[in-house]
Amino acid sequence: MKAYHAIQELQATGIVTTGISLRTDGVSHAPYASLNLAEHVGDDANAVATNRKILFQQTGLRDPRYCRQVHGNRVIDVDNATEAFLENPPEADALISTQRGVTLGIFTADCVPIFILDVETPAIGIAHAGWRGTFARIAVNTLAQMKDSFGTVPTNCRVHLGPSIQKCCYTVDAELLTQFAERFGSTVHDGTNLSLQTANVNQLVEAGLPFDSISISPLCTACRTDLFYSHRAENGRTGRMLSFIQLNSEN
């Protein structure tokens, strides 16, 4: 069984290798069972290292780049990062690059992983969008930084919103619903439930990305804890999936 779910909507271009890890077929014990990829959740470090080896062997990924996610909207241009970046990743919630063979990765367990592919440059970006990052427009900031760094044009991009907690399971308080509706439109909620996916799509379209260039996974992490980790469904003590994107080397 594969240790990851490929993002076929982007991978079909032949430009990238991209996907999100599943929680199965790893070596971590409960509550991190079993393919936890994150070091910061309390899991055994050796287990995490083994799990990463399993995923990287299956995908052929190499040279991973991560950041210390803080639910903000800072974007890191990996192409301009120093050697210290590998030793001590900076606080940020999105990464961008034009380097082939370099893997950009973010960790999630309900938050929305946002994959961006500029098919013309080519260039890639990946963002971690919980409610705080979504409200702070992390997706649009990532797209804007790709434009500043690489000349990316929104109409040349394809975006995928990966498996994450969906509106069916994401109940929030009335104040937060009101704030999201005022900023991103009434379509972001249904009763007491919030759609982070709709909020991100609305802001990306407003920023110039064609609606038809955006795809959304129907998989809900809170509904499918057989496949994915869910911070909410598992009461805050669980592992993390790794969402990844890498520009393929030229043949």
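The values are calculated or read from the model by the stated rules, or taken from the named source; none is laboratory data. Only a predicted model underlies this, so the values are computations on that prediction, with no experimental measurement involved. Positions of Cβ are generated from backbone atoms using ideal geometry, with glycine treated the same way; all protein chains shown enter the neighbour counts. What goes into the accessible areas is simple: the full protein's heavy atoms, side chains included, and nothing from ligands, DNA or RNA. Shrake-Rupley method; radii C 1.70, N 1.55, O 1.52, S 1.80 Å.
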Net length gained if the chain between Gln58 and Ala12 were fully extended (0.36 nm per residue, minus Cα distance): 14.8 nm
Dipole of the range 148-192, positive direction: furthest Cα of Gly191, Asn156, Thr171, with charges on the beta-carbon: Asn156
Among Ala129, Ala81, Ala33: highest mean-square fluctuation, GNM of the chain, C-alpha pairs under 10 Å: Ala81
Assigned charges on the beta-carbon of Lys, Arg, Asp, Glu; the range 188-251 dipole about Cα centre (debye): 340
Cross-link partners of Lys53 among aspartates and glutamates (Cα-Cα below 14 Å; sequence separation of 8 or more within a chain): Asp25, Glu39, Asp63
With DNA, RNA and ligands ignored, accessible area of Tyr32 (1.4 Å probe; Å², nearest 10): 20
DSSP bridge pairs, the chain: antiparallel proportion in percent, nearest 5: 75
Rh by Kirkwood over Cα pairs, then Stokes-Einstein D for the range 1-112 at 0.692 mPa s and 37 °C, µm²/s: 218
Selection from Gln99, Phe85, Gly133, by position along the positive dipole direction of the range 37-169 (Cβ): Gly133
The range 25-85 versus the range 171-205: alpha-carbon centroid distance in Å: 30
Most mobile of Asn88, Asn51, Asn200 in a GNM of the chain (Cα contacts under 10 Å): Asn88
Mean ellipticity per residue at 222 nm, deg cm²/dmol - from DSSP H runs of n ≥ 4 across the chain, formula -39500 (n - 2.57): -7000 deg cm²/dmol
Zone residues, the range 138-153, relative to Phe85, backbone N less than 16 Å from point 7 Å out along Cα-to-Cβ: 142-143, 145-151
At least 18 Å along the helix axis (C-alpha) and Kyte average at least -0.5, DSSP helices within the chain: 45-59
Distance (nanometres) between label positions extended 7 Å along Cα→Cβ at Ala30 and Asn235: 1.2
Potential extension, Glu206-Asp148 segment - 0.36 nm per residue separation minus Cα distance: 19.1 nm
Surface per residue (accessible, 1.4 Å probe) for the chain, Å²: 43
Dipole moment magnitude, nearest 20 debye, the range 141-197 about Cα centre, only Lys, Arg, Asp, Glu C-beta charged: 300
Thr155 paired with Glu250, simple spin-label distance in nm, labels 7 Å along Cα-to-beta-carbon: 2.6
Net length gained if the chain between Glu120 and Val172 were fully extended (0.36 nm per residue, minus Cα distance): 14.8 nm
